[in-house]
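Values quoted throughout were computed directly from the atomic coordinates according to the rules given, and no laboratory measurement underlies them. Treat the numbers as computed from the prediction; the structure is a model and nothing was measured. Here the Cβ positions follow ideal geometry from the backbone for every residue, glycine too, while neighbour counts run over all protein chains shown.
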Number of protein chains: 2
Amino acid sequence: MATIQDVAKLAGLSRTTVSRVINQHPYVTDEKKRLVMNAMEELNYVPNSSARRLRKQQTETIAVYVPRITNPFFSQMVEVMGNYAAEKGYQLILCQTSYSRNQEINYLELLKTKQVDGLILTSIENEWSDIEPYMNFGPIMLCNEYNDEAKVPTVYLNQIEGGYIGTRHLIEQGHTKIGYCSGDNTESRVASDRYKGYKKALAEAGLPLNEKWFLTSAYSIEDGKRIFKEIASMKDPPTAVFTGSDEVAAGIWKEAVNHQWRVPDDLAIIGFDDQPVAELIGLTTIEQPIEEIAKRAMEQMIETIEKKLPSKRKEIQLDFKLVKRRST
Amino acid sequence: MATIQDVAKLAGLSRTTVSRVINQHPYVTDEKKRLVMNAMEELNYVPNSSARRLRKQQTETIAVYVPRITNPFFSQMVEVMGNYAAEKGYQLILCQTSYSRNQEINYLELLKTKQVDGLILTSIENEWSDIEPYMNFGPIMLCNEYNDEAKVPTVYLNQIEGGYIGTRHLIEQGHTKIGYCSGDNTESRVASDRYKGYKKALAEAGLPLNEKWFLTSAYSIEDGKRIFKEIASMKDPPTAVFTGSDEVAAGIWKEAVNHQWRVPDDLAIIGFDDQPVAELIGLTTIEQPIEEIAKRAMEQMIETIEKKLPSKRKEIQLDFKLVKRRST
DNA sequence: TTGTAAGCGTTATCAG
DNA sequence: CTGATAACGCTTACAA
């Protein structure tokens, strides 16, 4: 592998001049520039990025944390972020926390060891106080998930609103017995706010909150199937159910149909995210502007890195949209 | 940020000794080791990875190329690869080629500039002769996609078999007019072999090949919908259709139902991949052992890197499975 | 406009 | 078992 030194020698110039050409500095005669260019060409030279990273103390790499890349909500987010980052000359390191606190902490070392210039969290597994210390090593920001204590830029959706409009829709359809499905993450504002929205809609309509209709550990299609069975075995089952993801909703629906229940007559179901599958099966759901939150987050991160902005709270809030289909 | 020098000074030892402790070399007294550990602790020291990369000439990073991360087939592959890589102490850089030749070439520079130790291609957009030169800069391998000219390790499925068993199944169901959907990539052996398998099954059964039933540009749900319309507008439409992905199949089905066609009576549909959506909607499909090809590929790549294996052809072939559901 | 020289933070070599 | 010293390949004051 040719180094900058080799190029310099062949061109009969100094390393400095070569470096200047590479980095498009002014004050290099066209003649010398051509000399350098030719030498680089001849030697098939490419700058070594490790050396450059060490010298410039930056990596042009951004880490994106997601629970699992196979969750379509997150893969869409990563798709947009990856493309936008590439356009701006940055790479993406993908960090899957697998809903694990340890895994999340392990990956945080990337920032500490200067392997990335910054990181974007789309979910949070640990308490913020466990993450905060890492802010000393580089910019961190939130996209989707949010947190009161976090003094970082945050691009998010008001999940109280999300929970509210979904539940409100079910109430408007005449339902009074409305179940609620969610995951188990107790640190998540996304989860807790969505639940708040659900309760708010219920309270407004003077409907009771029934703890038996609160269903947990809901992440996947399989979980949805399990949840349907739980509902079916209840003495006084809900007539409608609010779910935290289209996958869970799809699982419930699938199993309901298997048991000869009619949707929405026997059970109305509302999903969340508006993933492609929702349109396919006709699921009413709540659309999140994924492309936009992803793009806004990546923009913000790159700006933070390039302008070396100090870490501070900055909220960018976007809105949901109800997509009515035949499951309600 | 504390450096190894700071630790050395605080511990009253040399950089070398500190480095030895960090890298778990033998021949360091327990006493000095403790001294070093304490100093590292006190200074909150972490080794700088850029410096290490430069010195060791390796990055512990692997690039994975996919067309789009939102395609569930590829996101599953990346999920498995990412987790396995993390387990082995490697990071993953995600490269989305967006089905673009240029984008693919752009990303190949990563290897050249020594930003990654190796790369795994799950799809190929360019001709192999355009990719081959990059093999001088580090190990490249294939996973899923394959190519005759490529002298690299390849983990793949025999797509002739895939095309064959799907088509054969439709023939066994009594169909004689069988359509075929695929994408447009002319470089892809996955695509051309699958088509060969289709033709082989047809020929074996003495059925004619009708060019009008060859449908192209099929990638997404939307494409599937468009394709259904093409089929519906034919004078002599096929009664069954083989598709290259569950998403396309789902789109065709969705639109068919919208137009009051019955599946499988008016049109039988077979998908490919066995994505979660297939089970959900009851799509007959061909399962690919994604987890296994992904894991085998990553294993192979890490072995290649760590043992500095020379690049050579090595084929690992795995098998398909037909999953019969109600769409056929 | 160009070059010299000093580092960025490690690890490998070699001598002790 | 430990330490001095020389790289790894690049950029950036500073000098000329």
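Can you sort B:Tyr198, A:Tyr164 by how many other beta carbons sit within 10 Å, fewest first?
Exposure proxy ranking, most exposed first: A:Tyr164, B:Tyr198.
Using the beta-carbon distance between A:Leu322 and B:Glu299 and R0 = 35 Å, what value does 1/(1 + (r/R0)^6) give for FRET efficiency, to the nearest 0.05?
0.15
At a Cα cut-off below 18 Å, give the aspartates and glutamates reachable from B:Lys312, other chains included and same-chain residues fewer than 8 away excluded.
Partners within reach: B:Asp117, B:Asp130, B:Glu132, B:Glu145, B:Asp148, B:Glu149, B:Glu299, B:Glu303.
Treat the count of other C-beta atoms within 10 Å as a stand-in for reagent exposure and order A:Ser98, A:Ser245 from fewest to most.
Fewest to most other Cβ atoms nearby, the residues stand as A:Ser98, A:Ser245.
Taking only Cα atoms, what is the 0 to 90° angle, nearest 10, from helix A:290-306's long axis to the longest principal axis of chain A?
Relative to chain A, helix A:290-306 is tipped by roughly 30 degrees.
Need the list of aspartates and glutamates near A:Lys33 for cross-linking: C-alpha distance under 17 angstrom, and skip anything on the same chain fewer than eight residues off.
Partners within reach: A:Asp6, A:Glu41, A:Glu42.
Please identify, among A:Gln317, A:Gln96, A:Gln260, the residue showing maximal mean-square fluctuation in a Gaussian network model of chain A using a 10 angstrom Cα cutoff.
Residue with maximal mean-square fluctuation among A:Gln317, A:Gln96, A:Gln260: A:Gln260.
Using a Cα-Cα cut-off of under 19 Å, which lysines could be cross-linked to B:Lys32, ignoring same-chain neighbours fewer than 8 residues away?
Excluding near neighbours in sequence, the set is B:Lys9.
Between the helical axis of B:159-172 and the dominant principal axis of chain B, each derived from Cα atoms, what acute angle in degrees is found, rounded to the nearest 10?
That helix lies at roughly 30 degrees to the long axis.
Can you give the net charge of the other residues whose Cβ lies under 12 Å from the Cβ of A:Ser123, counting K and R as +1 and D and E as -1?
Net charge around A:Ser123: -1.
In percent, how large is the relative contact order of the range B:4-47, given Cα pairs closer than 8 Å and 6 or more residues apart?
That works out to 44 percent.
Between A:Arg15 and B:Asp130, what is the FRET efficiency for a Förster distance of 25 Å, r being their Cβ-Cβ separation, to the nearest 0.05?
The computed FRET efficiency comes out at 0.20.
Rounded to the nearest 0.05, what FRET efficiency is calculated for A:Asn102 and A:Lys314 with R0 set to 22 Å and r the Cβ-Cβ distance?
0.15
Pick out, in residue order, every one of the chymotrypsin sites (Phe, Trp or Tyr not before Pro) in the range B:1-106 that is DSSP loop and has at most 10 other C-beta atoms within 10 Å; say none if there are none.
Qualifying residues, ordered by number: B:Tyr27.
Which loop-located trypsin sites (Lys or Arg not before Pro) does the range B:205-311 contain, where loop means any DSSP state but H, G, I, E or B and the Cβ has at most 11 other Cβ atoms within 10 Å?
Passing sites in the range B:205-311 are B:Lys235, B:Arg262, B:Lys307, B:Lys308.
Per DSSP H run of n ≥ 4, the term is -39500 (n - 2.57); total these for chain A, divide by its residue number, and report the mean residue ellipticity at 222 nm rounded to 500 deg cm²/dmol.
-14000 deg cm²/dmol
7 Å along Cα→Cβ for the label point: how many nanometres lie between A:Lys33 and each equivalent label in the other copies, listed shortest first?
Distances between equivalent label points, in nm: 5.7.
Taking the Cα centre of chain A as origin and charging only Cβ (+1 Lys, Arg; -1 Asp, Glu), how large is the dipole, in debye to the nearest 20?
Magnitude of the dipole: close to 800 debye.
Before anything else, pin down the relative contact order of chain A: Cα pairs under 8 Å, at least 6 apart, normalised by residue count, whole percent.
16
Taking the alpha-carbon set of the range B:22-92, what are its Rg and Dmax in Å?
Gyration radius and largest Cα-Cα distance of the range B:22-92: 18.2, 54 Å.
Just to be sure I follow the definition: excluding the sites themselves, where is the longest run in chain A that has none of the GluC sites (Glu not before Pro) in a DSSP loop with at most 15 other Cβ atoms within 10 Å?
A:150-328
Quick one: with label points 7 Å out along Cα→Cβ, list the inter-copy distances for A:Pro133 in nm, shortest first?
With the label placed 7 Å along Cα→Cβ, A:Pro133 yields 4.9 nm.
Quick one: helix A:30-43 against the long Cα principal axis of chain A, what's the angle to the nearest 10°, folded into 0 to 90?
70
Going by the alpha-carbon gyration tensor, a ≥ b ≥ c the square roots of its eigenvalues, is the protein assembly as shown rounded (a/c under 1.5) or, if a/c is not under 1.5, prolate (a/b greater than b/c) versus oblate?
Note, shape of the protein assembly as shown comes out oblate.
In nm, give the distance between the simple-model label positions of B:Glu306 and A:Lys199, each being 7 Å from the Cα along the Cα-to-Cβ direction.
It works out to 5.0 nm between the two label points.
Too long at a 18 Å Cα-Cα cut-off: which of A:Lys229/A:Lys254; B:Lys151/B:Lys200; A:Lys199/A:Lys229; B:Lys88/B:Lys308?
Cα-Cα > 18 Å for B:Lys151/B:Lys200; A:Lys199/A:Lys229; rest within.
Can you grab the distance from the C-alpha centre of the range A:201-226 to the C-alpha centre of the range A:9-72, Å, no decimals?
Cα centres, the range A:201-226 to the range A:9-72: 55 Å.
How many angstrom separate the Cα center of the range A:275-328 from the Cα center of the range B:174-188?
Measuring centre to centre over Cα atoms gives 36 Å.
Can you list, shortest first and in nm, the gaps between the label point of B:Lys314 and those of its counterparts in the other copies, using a point 7 Å from Cα in the C-beta direction?
For B:Lys314, the other copies' label points sit at 4.8 nm, shortest first.
Could you tell me the relative contact order of the range A:159-287? Use alpha-carbon pairs under 8 Å, at least six residues apart, and round to a whole percent.
Computed value for the range A:159-287: 25 percent relative contact order.
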